[in-house]
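A quick write-up on the structure given underneath.
The values are calculated or read from the model by the stated rules, or taken from the named source; none is laboratory data. Keep in mind it's a predicted model, so treat the numbers as computed, not measured. Cβ atoms come from the backbone with ideal geometry, glycine included; neighbour counts cover every protein chain shown.
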Amino acid sequence: MAQQPSTTATDRLWPATVANQMMLNLLSYQTDLWQRSVLHLDTLRERANNMLEHERAGKPPLLDFDYETVLDGRRLERPANYALLRITRVGDDCLEDCLDATKPPVVIVDPRAGHGPGIGGFKRDSEVGMALHEGHPVYFVAFFPEPVAGQTLGDVLDVLRRFVETVAERHPGKPPVLYGNCQAGWAIALLAADCEGLVGPAVLNGSPLSYWSGESGVNPMRLAGGLMGGAWLAHLLADLGDGRFDGAHLAVNFESLKPANTLWQKDYELFADIDGQRERFLDFERWWTGFYALSKEEITSIVGNLFVGNKLERGELKVCPGCTVDLRRIRNPLVIFASSGDNITPPHQALNWIPAVYPDTAALKAAGQRIVYLLNSHVGHLGIFVSARVARLEHRAILESVGELNDLAPGLYEMRIDNPTGDPDCHKPQFRVHFEERRVEDLDYPDQVPAFERVRALSEHNVALYETFLGPWVRLMSNPWTAEALRQLHPARTSRLLYAERFNPWMDSVKQLAASVASAREPLNTDNPFPQWEALNSAMIGSWLELAGTLRDGASEFAFRGLYGWPLAIDEGIGTESA
């Protein structure tokens with residue numbers, strides 16, 4: 001009989017050692033999980049408190065720079081709730097000795113699309129920071145939480161023009177560089193295209209000018225107007241707000257685009273790395289949770305004339321009596337910065353107005369216009385404005401190249417940045433910027449005009465029905481009390497304020513518990529397998545939510561095509577029978 005191999009004491013103890021180690025790992029993970037849960041709740045508590053504190057302070061601009069008010073738009077002949085600020089100091093450093101007198105001033109305009117001002121300069125590595133670093137005098141256009149009663153889009157544009165003229169008077173001979181983020185970008189385009197025009201170069205970051213453009217299955221927001229029946233809903237919400245449109249509605253629209261991020265990923269990233277992500281999360285949420293209002297006249301004009309009517313691209317938008325905005329009037333150089341990863345303002349919406357206005361390259365050159373576009377391959381919509389990496393490379397490259405724009409011959413160019421070092425903090429000549437000439441004919445985006453023309457017609461019909469039959473009753477029942485109640489009860493507010501001690505006294509115990517947890521906090525061993533299991537489950541949840549969002553967007557696309565995408569032959573047949 002063969003002799004069995006002997007079993008050593010070490011061999012007998014090995015399974016027990018593994019089991020003990022697994023048990024220790026599990027206990028460590030459970031302790032860490034409990035600590036992260038407490039700290040996560042405490043972070044949500046602090047976010048709610050920051051939200052309340054910001055509101056009590058009057059929601060000032062969230063700039064990481066000192067500033068002085070140069071002009072208050074509420075005190076002008078045609079008032080609007082905007083203010084022109086001049087950046088005066090960075091921390092303890094006065095700027096006067098750092099500015100280059102030969103460089104033009106930069107005017108940065110933040111978007112007024114539901115949130116407050118500050119996204120262009122709420123940290124040092126930002127558009128404001130890069131402009132200061134390059135030696136430009138910097139001005140910032142802020143706005144107040146509440147609109148002036150009855151202010152219109154024309155009033156806003158008039159105030160913005162006064163701001164630009166004021167900056168130009170302060171720096172004679174150096175036309176200001178205008179920086180417009182998202183909504184502010186198309187506002188600058190409106191100024192450049194109206195009857196007076198602009199002189200200095202304009203940089204449009206993630207700014208939609210061609211509102212019907214987009215890629216099927218990728219850019220679902222442009223379909224919302226058709227699926228909701230047009231602009232009548234903006235009229236209703238503004239009437240319920242007693243003439244004010246709550247910016248929280250727009251914030252919810254943005255969040256609904258990516259349910260996986262809104263419902264899970266953003267919070268899980270904070271929860272998974274509560275020690276490293278806490279301050280970053282709170283800094284961003286200070287801006288994201290500051291909801292600002294628009295007047296009914298503004299929001300209905302924006303939705304009806306731009307997003308649903310697409311009148312800017314078509315040259316049919318009137319901002320004042322006797323003056324129609326025509327994009328062919330733009331003579332100042334334009335830099336258009338867009339990203340393929342932006343599902344709110346994709347390159348289609350940022351660029352497709354060019355072939356709509358200029359049928360070919362020869363027409364663009366004959367107009368004497370210079371248009372430069374810069375494309376990022378992956379950054380999202382907000383990343384165009386807030387990403388430190390984008391600020392340190394793309395925005396720095398734009399500012400360092402502003403002087404070269406006037407030297408370009410009329411035409412269309414793509415701005416290319418060659419950065420062999422891969423370092424976003426490098427300067428010229430470490431990276432090289434060159435402008436490659438392009439053809440207008442190559443901007444070949446799908447034509448989706450017929451379907452959206454039907455949306456526009458239905459929207460005008462529904463708005464007329466609402467204003468005739470339903471609107472008067474809604475306005476009769478609305479008053480400041482009901483409007484404020486609806487504002488305070490908006491889910492975008494209540495879901496956050498629920499964690500404040502003012503509304504939830506139990507959160508005070510969380511604050512005290514979090515202090516003791518933070519003092520005893522120890523990092524988890526990197527070889528513990530349970531965090532990997534947690535991350536795997538989180539990824540699975542995120543994937544399911546992404547799938548749900550994809551299915552929802554596909555269903556929206558299918559419904560939109562069913563409602564508005566009929567073949568042309570059927571339309572012609574209906575028109576013949578009706579005649």
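Values as computed for the structure displayed
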| quantity | calculated |
| --- | --- |
| Verdict on Arg502 being charged (D, E, K, R) and modelled with pLDDT of 95 or more | no |
| Index of the failed condition, Pro472 passing every other in (1) surrounded by 13 or more Cβ atoms within 10 Å (Cβ to Cβ); (2) assigned to a helix (DSSP H, G or I); (3) not hydrophobic (A, V, I, L, M, F, W, C) | (1) |
| Counted residues, segment 163-184 - those being closer than 16 Å to Val106 by Cβ and touching a residue at least 60 places away in the same chain (Cβ under 8 Å) | 14 |
| Matching residues in segment 50-83 - criterion: being under 13 Å from Tyr139 (Cβ atoms), buried (at least 16 other Cβ atoms within 10 Å of the Cβ) and not small (Gly, Ala, Ser) | Pro61, Leu63, Phe65, Tyr67, Leu71, Tyr82 |
| Selection status of Arg370, of a type outside the set (Gly, Ala, Ser), in contact with a helix residue (DSSP H, G or I) (Cβ under 9 Å, 6 or more places away or on another chain) and without any contact (Cβ under 8 Å) to a residue 60 or more places away in the chain | yes |
| Tally of residues being buried (at least 23 other Cβ atoms within 10 Å of the Cβ) and assigned to a loop (DSSP other than H, G, I, E, B) across segment 152-162 | 0 |
| Segment 462-484: number of residues that are more than 33 Å from the chain's Cα centre (by Cα) and among the aromatic types (Phe, Trp, Tyr) | 2 |
| Set Glu146, Glu165, Glu169: member being of a type outside the set (A, V, I, L, M) and either surrounded by 24 or more Cβ atoms within 10 Å (Cβ to Cβ) or not in a helix (DSSP H, G or I) (or both) | Glu146 |
| Residues (assigned to a strand (DSSP E or B), closer than 25 Å to Ile371 by Cα and in contact with a strand residue (DSSP E or B) (Cβ under 9 Å, 6 or more places away or on another chain)) located in segment 287-340 | Leu317, Lys318, Val319, Thr324, Val325, Leu334, Val335, Ile336, Phe337, Ala338, Ser339 |
| Every residue from segment 374-407 that is more than 22 Å from His136 (Cα to Cα) and touching a Pro at 6+ places or on another chain (Cβ under 8 Å) | Leu375 |
| Residue ID - modelled with the lowest pLDDT, chosen from residues in segment 427-440 that are loosely packed, with under 13 Cβ neighbours inside 10 Å and outside any loop (DSSP other than H, G, I, E, B) | Arg432 |
| The listed residue being in a loop (DSSP other than H, G, I, E, B) and either crowded, with 22+ Cβ neighbours inside 10 Å or on the phi < 0 side of the Ramachandran plot (or both), out of His395, His348, His378 | His378 |
